[in-house]
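Student: If you scroll down you'll find the structure; I have some questions about it.
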Amino acid sequence: MKRIYSALYIAILVCAFASCEKKIDLDLNTTAPIIVVDGQVTNSATEGSMVRLSYTNKVKSDNSIVPLPGATVTIQEDNGTVYTLPEVSSGLYRNTTLVGTTGKTYHLKVVTNGITLTSSSTMPVMVNFDSLVVEDFPNFGKTVKLVTPFYNDPKGFGNNYNFFMFKNGRLIKDAFAYDDLFIDGKKITFPLVYSRENDEFKKGDMVEVVMTCIDYANYKYWFSFSQSATGSPLAVPDNPITNIQGNAIGIFSAHTYQKRSVVIP
Amino acid sequence: MNRMAVRKTMKVLLVLSLFTTAQKTFAQKKFTISGSVTSKNSGESIIGASIKVLNSNFGTTSNEYGFYSLLLSPDTYQVVYSAVGKTPDTVQINLSGNIEKNISLSEANYELAAVTVTSSKTSGRSVSGSQMGIEKLSVQEAKNLPVIFGEKDLLKTIQLLPGIKTAGDGNSGIFVRGGTTDQNQIILDEANIYNAAHLFGFFSTFNSDAIKDIAVYKGGMPAQYGGRLSSVLDVRMNEGNNQNTSVSGSLGLISAKLNVEGPIQKDKSSFLLTGRRTYADMFLKLDEEYKNNQLYFYDLNAKLNYELGKKDKLFLSGYFGKDALGFNDQFAINWGNGTGTLRWNHIFNSRLFLNTSLIFSNYNYAFRVKNGTNDIRIFSQIRDWNLKQDYQYSINNQNNFRFGWSSIYHIIRPGEITGNATSSINDKIQDKRYSFENAVYASNVFKPNNKLTITLGARLSAFSVLGGGNFYNIDGAGNIKDTLRYAKGKVIKTYYNPEPRVSVGYMLHTNASIKAAYTRNAQYMHQITTSTGSNPLDKWASTSNIIQPQISNQYSIGYYANILHNNYEFTAEAYYKDMENILDYRNGADVFLNETVESQLLFGKGRAYGIEFMLKKKTGKLTGWVSYTISKSERKINGINNNKWYNATQDRTHDIAIVGIYQVNKKWTLSGNFVFYTGNAVTFPSGKYQVNGQTAYYYNSRNADRMPNYHRLDFGATMQLKKTKKWTKELVFSLYNVYGRENAFTINFKDNKDNPNLTEIVQTSLFRWVPSVSYNFKF
C-alpha cells in the first residue's frame, strides 16, 4: 500500500517536473563563412604537426568540414628553422618532421587569398601521465564506470592540461581543460566525466586518453569552449577566446602528447 | 566630483528643512487626531488604511505600523476609516484638543463588499497623492488566484501586474522594468533577503501564511528606500493575533503549513509562528531507487510584538529557511537565508513617530562533492548588520516630513574550498570582504491644495570599501597589474551618491490625476549571473576599488482614473530609465572561487523604457484586471557585441496578463488568468565548425534572437467547506497551464544522438497541465 502510494506520488511529481523535450526548427541567421584554424605542434614523432583550415558552415548543414585548400602554411621554431606544412589532403596541412620541444615557442603563419593569419604557442613542460584507472561511480541510483588519469602536478602555478578521451577509437565530444589554481603540487585523481548517456562505458570497451600539457592561451580557449560554444543553453553563448591573429577563429597549440589506454573490465 | 555631490545634497536637505520650519511658524492653532488602525478580528495593525475627512480634501493613510496622524483646525468632522477587505467605519469627531482615536475595522464579508462601492476592494495604485510606480498586493487579494502546485506565492502573483515580469516558467524570480533580478531589493520586515528563492526559484522564500502584504516600488521610490536600481519589494509579516489564539494550516501537493498565533496579553502583545516544509522527499524515501536522494526546503517565520506602554511598541521578527538537495553521497548542496529584526516604535507625540530597527541578515550556501578519493566542500556567505532610524513628522495638514538614516555593515565570505586529505585540492580560503553602507535621507510631502501633491526628497548614500586582504589593480584585458594589501578596517575608498527623489501629482478632477516622478538610485551590492533562473551559487560582490556602484535615473509619468462610477480603475505609466556601471561577465569568465572576480568582469550601461497599462474592475461579483506592458531593455558593454547596444536577456516587447475572480456564491469562488509575453532575447548560433574533432557553434551578435512566445492559461476554484463558529475549512483546486502549452524553457543545439553528423535543435519545456489541490483550515 505504502509502495503504491509512493509510486503514485512519484508519478505525479514526474508529470509535473519531468521536463519534456522535443525537436524543433528555428529560423537562424547565417553569417558569411569565417576561416577556422585548428593547428598543433606536438612532441610526438607519430603525431607530428598539422594544421587544418576550414570554413564555418550553416548550423542546419551536416557536420562535415568545409575545407580551405591551397593555403601556404609555415611554422617557425623560436627564431630558427621555418618548416613548411604541405597540403596532404584538402584543407589538411601536415609535416611529420616537425617534432616540437618543450620550452620552445612555435610561430604559425597562414597565407591564403591575400589574407595572413598568425599565431604562436609555447610548448610547456611535460608532466608525466602516470596511469589510467577504471573506477565505479554512483550516478543517480546506479553505478557507472569512469576512467581517471593519475598525474602529479608540479609545485608552482602555471601548469595547464587538456584531455581527450576516445571510446573504441571514437572521440568523446567533451572538453576537459584544467589549470592548476586549486590543485597545485597535488596528486590529481579527477575522473573524466562524460556528459552524454550514449557514451556510457560497457565491459570490453577500449578507452584511450590523451593528456596534453598546454599553455595558458590554450587553456583559456578550451575552458571558454566548454563554457559557451557547445550549444548548451546553460551559459551565455559566445565564441571561445582564440589565439589566432587576423580575421579567423580557432586555436593553435604547441603541446606535449601522451596517450594511455585501458579496457573496461 | 563626489565632494560636490555631497555638498549639493546637503544643500537640498537644508532647504527642505528650512522650508518645513517656515511652514511650521505660519501654521495656525490646530489639533491632531492620531492613533492606530487595526483589524478587529486579529488586532493586526493595518498598513495603508485610508483616513479621510468627509466632504473635504483632508486625509492621510496609516503608516507601516498602522499609525496615523491628522492635523486639523477645531471643528466637527466625519472621518471615514477604510482599508482593503475591511468594512469602512465613519466616526464623528469634535476636535477641540488633541485626540487619540484608535480604530479597529472588521472584516468585510462578501455580500457587503459586493455592494460597498466606496471601499475599494483592492489596493495598489491610487489616483490621489504623488506616489507612482507602486503595486501592492495583500494575501487577501491573491488567495483566490490559481497557482502552480497549489502553493500560494505572492512573488508569483505580482508577476501578473504590469512592469513585473517572471524570470521563467513557474519561477518566483522577477524582472522589474527591464532590470535584472539582483536589482530588486527584497526585504522581509526590513531585513534584506539575498536569495528569495527555494528550489532554483520555483518557490519563493515567502510563506504566504505568514505574510501580511507586499508593496513593489517600480519607480518613484520614497527616500527611505535605497540600495537597488530596479525595485523595492517591501514584504511585511503578520504580527500575530492579539485577540484570540488561532491555528491554521494547509495540506498541499508539495508542502504542509502550520500557523499558530495568539495573544500573550490580550490587546497588548502577541506571537506568531509559521512553518512550512515540503515533503516530496518523505515519499522518495519509501522508494528503493530514490531513497538516498534529498530534496526539500523549509521555512520558519516567527514574530513577537509587545506594547510597552501607550507610546512604545516592540517587535521581534525572524525568518529562517533552508533548501537541501542531494544525490546519494556524491553531491549535496544546501542554502538558506536567516534574518532577524528588532524594531521599536516610539510615539513622541501625536505628530512625531519614530521607528528604530536593528536588523541582521545572513545568506550562505554549502556544497559538497564526493567522487572516489575526493571529498570537497565549498562554502560562501554574505552577512549584514543594519541599524536605522526613521522619523515621521506631521508638520501640518499640508506637510508631512520624513527623515532618517541607515548604516549597514556587510561581511562577505566570497568562497572557501576545502578538501579531505586524499583529495587533489589545496584548501583555499578567500579573503573576507568588509564594507560599510550608510545613508541619510529626508523627504517632505507637500499638499498646497486639494489638487496638487509635491513630494521632494533626497537620499545621500555613502559606501566605504574596507580593508583586510588583497586588492588589485587590473588592466583593460583583465590582467592583474599590481596587488595592494590593506590592513583590516582601513577605508580603501568611499563612494558618495546623492539620490534625489521627486514626484508630483495633480488631480484633474475628483476621479482622475496625472503624476510625474524622477528617481535616482545607487546600488553597491552586485550579483552576477549567467543563468536566467535562480542559481543558489550565484555570487554577490560588493563595490570595490574596481567595481563601481551602479547608478540609475528613472523618469516616469502616469495617468490614473477611476471610471464607470468607480467600479473600474484605469492607469497608465510610462518610464525611461538609464543605468550606469552595469556588470557582465567577460567571455570565458572563470568566477568559480576566483580571487579577483573583477578581472572577469566587464562594465557598461543600460537603458530601459516602456509603457504600462492596467484596467482593473474593483467591485462586484467579478473582479480582476487586464494589464499590458510594451517595453524595451538594452545594454551596451565594452567588450560585448562589438561595443554596440544589444537586447538585455529580459527584454520582452509585449507582456499581457488577464486576471478574473468570480464569486459564484458563498461556497464557490472561481478564478482564471491568462498570460502572454514575448520570448526572452537569446543568442542562437549563426554557424558551426569542427575543431579538434568537436562541434563548435559560431555566434555573431548577442541576444539578437528570440525564444518562442510564452503563453499560458490557469484555472482555480476555491470551495468553502461547512463553516462552524470555530472552524473554517476550504479546498483550493488549481490547474496550471490548462491547454498544455509547451513553453520553451531552454533551447539546445547538439549533435543528433543517432547520427552525430547532424545537428538537432531541442526545446525543453517544464510544466504542462499541473493540477493541484490543497486543504486549508483554521480554528
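Bear in mind that the values in this text are calculations on the coordinates, not laboratory data. In this text, all values refer to a predicted model and were calculated from it rather than measured experimentally. When we count neighbours, we look across all protein chains shown, and the Cβ atoms used for this are built from the backbone with ideal geometry, even at glycine.
Student: Full extension from B:I264 to B:F360: what is 0.36 nm times the residue separation minus their Cα-Cα distance, to one decimal in nm?
Tutor: Values: separation 96, 0.36 × 96 = 34.56 nm, distance 2.50 nm.
Gain in length upon complete extension: 32.1 nm.
Student: Put +1 on the Cβ of each Lys and Arg and -1 on the Cβ of each Asp and Glu in the protein assembly as shown; which of B:A657, B:T764, A:V133 then has its Cα farthest toward the positive end of the dipole?
Tutor: Of the options given, the answer is B:A657.
Student: Please tell me the relative contact order of chain A in percent, rounded to the nearest whole number, where contacts are Cα pairs under 8 Å and at least six residues apart.
Tutor: Numbers: 579 pairs, mean separation 50.7, N = 265.
That works out to 19 percent.
Student: With only Lys, Arg, Asp and Glu charged, each at its Cβ (+1 for the first two, -1 for the last two), find how big the charge dipole of the protein assembly as shown is about the Cα centre; round to the nearest 20 debye. Could the numbers behind the result be given before it?
Tutor: Values: 112 positive and 84 negative charges, 702 e Å.
For this selection, approximately 3380 debye.
Student: May I pose another question? I want to check the label-to-label distance for B:Q92 and B:K667. Put each point 7 Å from Cα in the C-beta direction and report it in nm to one decimal.
Tutor: It is 4.5 nm.
Student: Say R0 is 51 Å: what FRET efficiency, to the nearest 0.05, do B:N292 and B:S73 get from their beta-carbon distance?
Tutor: On the way: r = 74 Å, r/R0 = 1.46.
Here the calculated transfer efficiency is 0.10.
Student: Using the basic label-point model (7 angstrom from Cα toward the beta carbon), what is the B:W405 to A:L171 distance in nanometres?
Tutor: Taking the two extended label points, one gets 6.5 nm.
Student: With angles folded into 0 to 90 degrees, how steeply does helix B:2-26 sit against the dominant principal axis of chain B? Use alpha carbons for both and round to 10.
Tutor: Taking the Cα atoms of chain B, the angle to B:2-26 is about 10 degrees.
Student: Along the positive direction of the dipole of the protein assembly as shown (beta-carbon charges: Lys, Arg +1; Asp, Glu -1; about the Cα centre), which of B:G66, B:Q694, B:G606 reaches farthest?
Tutor: Toward the positive end, the furthest listed residue is B:G66.
Student: Putting +1 on Lys and Arg Cβ atoms and -1 on Asp and Glu Cβ atoms, find which of B:G468, B:N102, B:T32 reaches farthest to the positive end of the dipole of chain B.
Tutor: So the residue furthest toward the plus end is B:T32.
Student: Could you identify which residue out of A:G246, A:G48, A:G169 has the top mean-square fluctuation in a GNM of chain A using Cα springs shorter than 10 Å?
Tutor: Sorting by GNM fluctuation, first place goes to A:G169.
Student: If R₀ is 51 angstrom, what is the calculated FRET efficiency for the pair B:N752 and B:D578, using the beta carbon separation as r and rounding to 0.05?
Tutor: Numbers: r = 45 Å, r/R0 = 0.89.
Plugging the Cβ-Cβ distance into 1/(1 + (r/R0)^6) gives 0.65.
Student: Under a plain spin-label model, where a point goes 7 Å from the Cα along Cα-to-Cβ, how far apart in nm are B:L342 and B:K490?
Tutor: 3.4 nm
Student: Suppose we flag GluC sites (Glu not before Pro) only when DSSP calls them loop and at most 16 other Cβ atoms lie within 10 Å. Which is the longest uninterrupted stretch of chain B? Could you put the intermediate results ahead of the total?
Tutor: Details: sites that count: B:E288, B:E289.
Here the longest segment lacking exposed loop sites spans B:290-779.
Student: In nm, what is the difference between 0.36 nm times the number of residues separating A:K202 and A:V82 and their Cα-Cα distance? Please list the in-between numbers first.
Tutor: Values: separation 120, 0.36 × 120 = 43.20 nm, distance 4.62 nm.
Separation in residues times 0.36 nm, less the Cα-Cα distance, equals 38.6 nm.
Student: For the pairs B:K136/B:K515; B:K218/B:K666; B:K322/B:K432, note any where the Cα-Cα span goes beyond 25 Å. Don't skip to the answer; put the middle values down first.
Tutor: Details: B:K136/B:K515 18 Å; B:K218/B:K666 36 Å; B:K322/B:K432 23 Å.
Pairs exceeding 25 Å: B:K218/B:K666.
Student: Something else now. Within 10 Å, count the other beta carbons around each residue, average over each peptide in A:207-220, B:242-255, and list them highest first. Mind dumping the intermediate values first?
Tutor: Working: A:207-220: 21.7, B:242-255: 18.4.
Final packing ranking: A:207-220, B:242-255.
Student: Okay, next question. What list of ³J(HN,Hα) values in whole Hz, one per residue of the range B:407-413 in order, does the Karplus curve 6.51 cos²θ - 1.76 cosθ + 1.60 (θ = phi - 60°) give from phi, with Gly and Pro shown as x?
Tutor: Values per residue, Gly and Pro as x: 9, 10, 10, 9, 10, 10, 9 Hz.
Student: Next question, about the same structure. Report, in listed order, any pair from B:K268/B:K310; B:K29/B:K451; B:K40/B:K266; B:K370/B:K753; B:K618/B:K729; A:K203/B:K370 with a Cα-Cα distance greater than 18 Å. Provide the component values of the computation, followed by the final result.
Tutor: On the way: B:K268/B:K310 10 Å; B:K29/B:K451 24 Å; B:K40/B:K266 13 Å; B:K370/B:K753 29 Å; B:K618/B:K729 26 Å; A:K203/B:K370 24 Å.
Pairs exceeding 18 Å: B:K29/B:K451; B:K370/B:K753; B:K618/B:K729; A:K203/B:K370.
Student: Above 56 angstrom, tally the Cα pairs of the protein assembly as shown and express them as a % of all pairs, no decimals.
Tutor: Details: 112335 of 544446 pairs.
Value for the protein assembly as shown (Cα pairs over 56 Å): 21 percent.
Student: Another question about this same structure. Taking the Cα centre of chain B as the origin, how large is its charge dipole in debye, to the nearest 20, when only Lys and Arg (+1) and Asp and Glu (-1) carry charge on their Cβ atoms? Working shown, then result.
Tutor: Details: 88 positive and 60 negative charges, 402 e Å.
So the dipole magnitude of chain B works out to roughly 1940 debye.
Student: Let me ask something additional. Would you tell me the mean number of C-beta atoms belonging to other protein chains that fall within 10 Å of each C-beta in A:56-66, as a whole number?
Tutor: Working: counts 9, 6, 5, 10, 5, 5, 7, 11, 2, 3, 2.
For this peptide, the per-residue mean of nearby foreign Cβ atoms is 6.
Student: Computed FRET efficiency, Cβ-Cβ of B:A324 and A:V134, R0 35 Å: what is it to the nearest 0.05? Don't skip to the end; give the middle numbers.
Tutor: Working: r = 32 Å, r/R0 = 0.92.
After rounding, the FRET efficiency stands at 0.65.
Student: Compute the acute angle (0 to 90°) between the alpha-carbon long axis of helix A:216-228 and the principal axis of greatest extent of the alpha-carbon atoms of chain A; round to the nearest 10°.
Tutor: 40 degrees
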